[in-house]
1. Among the residues of the stretch 282-293, is there at least one that is hydrophobic (A, V, I, L, M, F, W, C) and in contact with a Ser or Thr (Cβ under 7 Å, 6 or more places away or on another chain)?
2. Would you mention how many residues in the stretch 101-121 are modelled with pLDDT under 75 and surrounded by 15 or more Cβ atoms within 10 Å (Cβ to Cβ)?
3. GLU274 - would you say it is part of a helix (DSSP H, G or I), in contact with a helix residue (DSSP H, G or I) (Cβ under 6 Å, 6 or more places away or on another chain) and more than 20 Å from SER179 (Cα to Cα)?
4. Search the stretch 178-191 for residues that are within 15 Å of LEU310 (Cβ to Cβ) and pair each with any residue that is crowded, with 17+ Cβ neighbours inside 10 Å and modelled with pLDDT under 85 when their beta-carbon atoms are under 7 Å apart and the residues are at least 6 apart or on different chains.
5. Being within 17 Å of the chain's Cα centre (by Cα) and either among the hydroxyl-bearing types (Ser, Thr, Tyr) or within 16 Å of MET182 (Cβ to Cβ) (or both) is the filter; apply it to the stretch 324-350 and report the residue that is modelled with the lowest pLDDT.
6. Which of the numbered conditions does PRO303 fail, given that it passes all the others? Conditions: (1) touching a helix residue (DSSP H, G or I) at 6+ places or on another chain (Cβ under 9 Å); (2) more than 13 Å from PHE288 (Cβ to Cβ); (3) in contact (Cβ under 8 Å) with a residue 24 or more places away in the chain.
7. May I ask you to say which residue of LEU124, LEU158, LEU85 is within 19 Å of LEU350 (Cα to Cα) and at pLDDT 85 or above?
8. Mind checking which residues of the stretch 59-76 are of a type outside the set (Val, Ile, Thr) and more than 21 Å from SER119 (Cα to Cα)?
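The values are calculated or read from the model by the stated rules, or taken from the named source; none is laboratory data. Quick caveat: nothing in here was measured; it's all calculated off a predicted structure. All Cβ positions, glycine included, derive from the backbone under ideal geometry; neighbour counts span all protein chains shown.
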Amino acid sequence: MIKLAKRQLAPIDFPILFLSLALLAFGLIMVLSAGAVRGFNATQNTYFYVSQQMKWMLIGFCFAFVAIKVPYAFWRRFAGFGLLLSIGLLIAVIFTDKGIATQGSARWIKIAGITIQPSEITKLALVLFYAHVLDRFPVKKGKDWLSPLGILIPVTILILALVYKQPDLGTAMVLALTSAVMLLQTELPTIWFAAAIPSLGIPLFYFIHGYQWQRIMVWLDPWKYAGDIGYQITNAEIAFGSGGLFGVGLGRSLQKYGFLPENHTDMIFAMVGEELGLVGTFFLLFLFTTLYARAYHVVRGCPDRFGRLLGFGLTSTLAIQTAINLAVVTGVLPVTGITLPLISYGGSSLVITLTELGLLLNLSRYRNNAPTYTEMKLLKSSVNLN
């Protein structure tokens, strides 16, 4: 038996890579189809939105490459700086004239000629900060929770308040749920989480804006408001109904001709249902489910607690955002403006998502249950000899 060499870095996890690329390709095709009419009407260029998405994809690939190559432990030293930067950008969006408002929400800011969405950066920064603090102050017994919660709770409340103020309820939900699931990885009593839901959730009703109450009313009975504030969700339902089992055919949507608002961004899943039918939506759900299940499996093999927390948080952020978007488009939740990772059009979202996937691939190189390059070469040689 050949004695294996000392273990070095393992290869990246190819199932995560291939599933991510498959979803990205799926998204580019759907952005091309969904945004063709809107792009032509706005710029006389049918390929405007997909070409823009491909530019952001290339930028995202650069960030993902760096995230794969640089050891994940290196980014830990920027946990505090990243969080402060994201908070500063959120404040600038709301309280300065640098913020760019669209459809009543100030969520973007232009820096050096580039428009970015700070809340997307906050998703990554918050996970990194949580992983650092929870690893630095492990909760095992007694009053161990005082230090981490004394740091994390005020920071989380501040960030949620700033994001909610934009207003961006969808992203606030993603951040809140991500924080909760990361805290569940500690030894905090489960009863605390059960008590936190009513104690924190009920007071939020006081801060719900008028248009958010309207969205709740639409959610309860969308067809009652089909000609007005329920126009978007009812047209999404029409898109799903029109698609049937196999869809009307790729590129043959009728909803994209000015009927379904935001069909290339937040509501792109409805376009999948219309053009590719139930089969297409199930295939997309299969890709997402397999990707996240594989990512959760891989991060369990990280050799240190920080890596496991970081990987768990990154995967949970993407999974929660995916679940909320799908729930909104299908009418399970009230309408909120949140994109579908890797599928919806959006530069900031795509770049941050690819960076997060790059970090997951980085974590996969250090997992204990992965073969090293040396082992793979030896295995390949033995197969060739046989």
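1. Going through the stretch 282-293, the residues hydrophobic (A, V, I, L, M, F, W, C) turn out to be 282-288, 291, 293.
Next cut, in contact with a Ser or Thr (Cβ under 7 Å, 6 or more places away or on another chain) only: 288, 291.
Yes, the stretch 282-293 contains at least one residue that is hydrophobic (A, V, I, L, M, F, W, C) and in contact with a Ser or Thr (Cβ under 7 Å, 6 or more places away or on another chain).
2. Counting residues in the stretch 101-121 that are modelled with pLDDT under 75 and surrounded by 15 or more Cβ atoms within 10 Å (Cβ to Cβ) gives 2.
3. Values: part of a helix (DSSP H, G or I): yes; in contact with a helix residue (DSSP H, G or I) (Cβ under 6 Å, 6 or more places away or on another chain): yes; more than 20 Å from SER179 (Cα to Cα): yes.
It is true that GLU274 is part of a helix (DSSP H, G or I), in contact with a helix residue (DSSP H, G or I) (Cβ under 6 Å, 6 or more places away or on another chain) and more than 20 Å from SER179 (Cα to Cα).
4. These pairs meet every condition: THR186/VAL139.
5. If we take residues in the stretch 324-350 being within 17 Å of the chain's Cα centre (by Cα) and either among the hydroxyl-bearing types (Ser, Thr, Tyr) or within 16 Å of MET182 (Cβ to Cβ) (or both), then THR336 is modelled with the lowest pLDDT.
6. Here PRO303 clears every test but (1).
7. LEU124
8. PHE65, LYS69, PRO71, TYR72, ALA73, PHE74
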